[in-house]
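Undergrad: Dropping the structure in here first, questions after.
The values are calculated or read from the model by the stated rules, or taken from the named source; none is laboratory data. These numbers were taken from a predicted model, which means no experiment stands behind them. When we count neighbours, we look across all protein chains shown, and the Cβ atoms used for this are built from the backbone with ideal geometry, even at glycine.
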Amino acid sequence: MNDLHFSTRIIGADYEKPDAHGALSLPVYRNAAFEFADSESIAAAFRGETGEHTYSRISNPSVAHFERKILAASGAASVIALSSGMAAITNTFFAIAAAGNNIVASPHLFGNTFAFFNSTLAFFGVEVRWVDAADLQQIAEAVDENTCAFFVELITNPHMEIADLPAISNILKSKGVPLIVDTTLVPWCAFDARRFGVDIEVVSTTKYISGGATGTGGVIVDHGTFDWTKNRKLAAMPEPPAVSRFTAKLRGEIVRNLGGYMTPDTAWQQSLGMDTLGVRFQRMSATAHALARHFENHPKVVRMGYTALESSPYKSLSDAFFTGDPGAMFTMELASQDDCFRFMDALKLFRRATNLFDNRSLVIHPFSTIYCTFTPQMKRTAGITDNLIRFSAGLEEVEDLKRDIENALKLL
C-alpha cells in the first residue's frame, strides 16, 4: 500500500481478521477478556506466541485496528496506542530511562511534559539537562554516555519554534542516542518524521486525530531506526523476532504494568477520526495561516507566531519539513496580560478551552492556565510570557473567524 496516497492508505487499512458480518467499520470490542478453545491455546497466547488477544488492558481488536491505521499513515515499524499523549511520553521514558540516566531536552515544552521531566522523573534518579535546541554545540556537549534520549517538540507549544532535526540527529547518531520528538502539531500527512532523522514519535491523538475532540488518546510510533543495544536498560534483552527491543519492552512490561492502554471506545472514535484527518488538517492549517498572515501587521498586535510567516525565523525549516501549511496552531502577543483577557472575553466564535485542533476554534492564555502552577523561575525556563495567546483554528469559515478577531481587537 506504500504507493497509495495518505487518506487512501488509512481508509484501506486491513482488519486483523475478517469481520464475521462483513462490517465496513470495525465493531467496538468492549469486552475485557477473550475465550480460548483449550488450555494450550490460552497458554500460548499469554506467552505471546500467537498474537491472539487475552485481556483488553494488554491488547484489544478495536485498539489494534486503530494502531494499524496509524501504521498505514506513518509508515512506521510499530505503533502502541495509549490513554493520552502524556501516557505516550511517560511510557516511553519509563521504558528507556533508569536511575543515573539523563535526558537532554529543550525546556520549551508543553506544561505537563516539562513538569514530568523536571519533577516526576527526578524522584526516580533521572536528570534532565535543558539546552537551547537551536544551539548544536550545546546539545553535543550536554549528551554523554548516560544520556538515554534527546527530546524536543516538532513545533514548540506555544512558542512556535522549530529545531533543526536532521542536524541534531547527526549529532545523536555519533553518540548512540535516540531522537524522540513530540509530533502532535503536524501529523503524517504533512510531515515524514523518519525522513528527518526521528527515531520515536509521541503523539497526542486527542488533537487532530480524534476529530472533534471526542476522546483523549496517544500513540508511540517506533520507526525501527535506532539500535537499542546502545541503551543500557534494553541492551540485555533478547532481540525479539518482529519488533525492536523498545517496542517489546513497552508491550511486554511497561504498558501492561502501568495500565495506560487505550480503551476500545476511544480507539473506535479515533479510527473514524483518522479517516478524515487529511482533509481536516488541510482546511484547518490553511485557516490558521490565513489568520496569522492577516493580523501580522495589525497595530494592536505585538507579534504573530506561525512558522510559515515570512517574519518567522523558522520559515526555512518549516518550508523544508512540511508539505503545505504547518498546522492549525498560531499565537498572538498583545501589550499585556490585561489586554489578553479583554481580547479573549470579547471573542464570540473562538471557545475558551485548553485543547488543540477541535473542529471548533479555540483560544487560551497559557501563562495563567496551563502553566499557572509553575514558579516564576520555571515559567522563565519554559519560556512562557504573560502577553501571549494561543489559538487553534477549527473548521468554521475563515472570514467569520477573521471578523471575530478584528472585532475583539477593536476593544483594546
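Undergrad: Which numbered condition in (1) touching a strand residue (DSSP E or B) at 6+ places or on another chain (Cβ under 7 Å); (2) free of Cβ contacts under 8 Å to residues at least 12 places away in the same chain is the only one that Val131 fails?
TA: The number of the failed condition is (2).
Undergrad: With the requirement that a residue be surrounded by 20 or more Cβ atoms within 10 Å (Cβ to Cβ) and out of contact with any Gly (no Cβ under 7 Å at 6 or more places or on another chain), what does segment 172-182 give you? Break it down into steps so the answer makes sense when it comes.
TA: Just the residues of segment 172-182 that are surrounded by 20 or more Cβ atoms within 10 Å (Cβ to Cβ), to begin with: 172, 177-182.
Leu172, Val177, Pro178, Ile180, Val181, Asp182 - these are the residues of segment 172-182 that are surrounded by 20 or more Cβ atoms within 10 Å (Cβ to Cβ) and out of contact with any Gly (no Cβ under 7 Å at 6 or more places or on another chain).
Undergrad: May I pose another question? For segment 347-365, check the following and say yes or no: at least one residue is of a type in the set (D, E, K, R), crowded, with 22+ Cβ neighbours inside 10 Å and not assigned by TED's automatic domain parsing to the domain that holds Gly211. Before you say what the answer is, go through the steps one by one.
TA: Restricting attention to segment 347-365, the residues satisfying the condition of being of a type in the set (D, E, K, R) are 348, 351-352, 358, 360.
Filter again for crowded, with 22+ Cβ neighbours inside 10 Å, leaving 358.
Add one more test, that the residue is not assigned by TED's automatic domain parsing to the domain that holds Gly211, and what stays is 358.
Yes, because at least one residue in segment 347-365 is of a type in the set (D, E, K, R), crowded, with 22+ Cβ neighbours inside 10 Å and not assigned by TED's automatic domain parsing to the domain that holds Gly211.
Undergrad: Please verify whether segment 65-75 includes one or more residues that are among the basic types (Lys, Arg) and either in contact (Cβ under 8 Å) with a residue 60 or more places away in the chain or surrounded by 16 or more Cβ atoms within 10 Å (Cβ to Cβ) (or both).
TA: Taking segment 65-75 first, the residues among the basic types (Lys, Arg) are 68-69.
When the remaining residues are screened for being either in contact (Cβ under 8 Å) with a residue 60 or more places away in the chain or surrounded by 16 or more Cβ atoms within 10 Å (Cβ to Cβ) (or both), the result is 68-69.
Yes, segment 65-75 contains at least one residue that is among the basic types (Lys, Arg) and either in contact (Cβ under 8 Å) with a residue 60 or more places away in the chain or surrounded by 16 or more Cβ atoms within 10 Å (Cβ to Cβ) (or both).
Undergrad: I've got another one for you. Restricting attention to segment 284-302, report how many residues are out of contact with any helix residue (DSSP H, G or I) (no Cβ under 7 Å at 6 or more places or on another chain) and surrounded by 15 or more Cβ atoms within 10 Å (Cβ to Cβ).
TA: Within segment 284-302, the subset out of contact with any helix residue (DSSP H, G or I) (no Cβ under 7 Å at 6 or more places or on another chain) is 284-286, 288-289, 292-293, 296-297, 299, 302.
Narrowing further to those that are surrounded by 15 or more Cβ atoms within 10 Å (Cβ to Cβ): 284-286, 288-289, 292-293, 296.
Residues flagged as out of contact with any helix residue (DSSP H, G or I) (no Cβ under 7 Å at 6 or more places or on another chain) and surrounded by 15 or more Cβ atoms within 10 Å (Cβ to Cβ) within segment 284-302 amount to 8.
Undergrad: Assess whether Ala213 counts as being under 17 Å from the mean Cα position of the chain (by Cα) and buried (at least 22 other Cβ atoms within 10 Å of the Cβ). Full working, then the answer.
TA: Working: under 17 Å from the mean Cα position of the chain (by Cα): yes; buried (at least 22 other Cβ atoms within 10 Å of the Cβ): no.
For Ala213, the condition - under 17 Å from the mean Cα position of the chain (by Cα) and buried (at least 22 other Cβ atoms within 10 Å of the Cβ) - is not met.
Undergrad: Among the listed residues Ser39, Ser74, Ser106, which satisfies the condition of being of a type outside the set (Val, Ile, Thr) and farther than 30 Å from Leu179 by Cβ?
TA: Numbers: Ser74 fails: farther than 30 Å from Leu179 by Cβ; Ser106 fails: farther than 30 Å from Leu179 by Cβ.
From the options Ser39, Ser74, Ser106, the qualifying one is Ser39.
Undergrad: Looking at the structure I just gave you, is Phe93 surrounded by 21 or more Cβ atoms within 10 Å (Cβ to Cβ), under 17 Å from Trp188 (Cα atoms) and either at pLDDT 95 or above or among the aromatic types (Phe, Trp, Tyr) (or both)? Let's see the steps before the verdict.
TA: Values: surrounded by 21 or more Cβ atoms within 10 Å (Cβ to Cβ): yes; under 17 Å from Trp188 (Cα atoms): no; either at pLDDT 95 or above or among the aromatic types (Phe, Trp, Tyr) (or both): yes.
So Phe93 does not fit the description; no.
Undergrad: Taking Gly22, is it surrounded by 13 or more Cβ atoms within 10 Å (Cβ to Cβ), in a loop (DSSP other than H, G, I, E, B), at positive phi and not basic (Lys, Arg)? Steps first, answer last, please.
TA: Numbers: surrounded by 13 or more Cβ atoms within 10 Å (Cβ to Cβ): no; in a loop (DSSP other than H, G, I, E, B): yes; at positive phi: yes; not basic (Lys, Arg): yes.
Considered against the rule, which asks whether it is surrounded by 13 or more Cβ atoms within 10 Å (Cβ to Cβ), in a loop (DSSP other than H, G, I, E, B), at positive phi and not basic (Lys, Arg), Gly22 comes out as no.
Undergrad: Continuing with the same structure: Which condition number in (1) closer than 21 Å to Pro313 by Cα; (2) hydrophobic (A, V, I, L, M, F, W, C); (3) touching an Asp or Glu at 6+ places or on another chain (Cβ under 9 Å) is the one that Leu121 fails?
TA: (1)
Undergrad: Kindly provide the set of residues from segment 68-86 that are in contact with a helix residue (DSSP H, G or I) (Cβ under 8 Å, 6 or more places away or on another chain) and assigned to a helix (DSSP H, G or I), ordered by number.
TA: Residues satisfying the conditions are Lys69, Ile70, Ala72, Ala73, Ser74, Met86.
Undergrad: Kindly provide the set of residues from segment 160-170 that are touching a strand residue (DSSP E or B) at 6+ places or on another chain (Cβ under 8 Å) and either surrounded by fewer than 22 Cβ atoms within 10 Å (Cβ to Cβ) or within 20 Å of Gly224 (Cβ to Cβ) (or both), ordered by number.
TA: To start, the set of residues in segment 160-170 that are touching a strand residue (DSSP E or B) at 6+ places or on another chain (Cβ under 8 Å) comprises 160, 163, 165, 168-169.
Scanning segment 160-170 gives Leu165, Ile168, Ser169.
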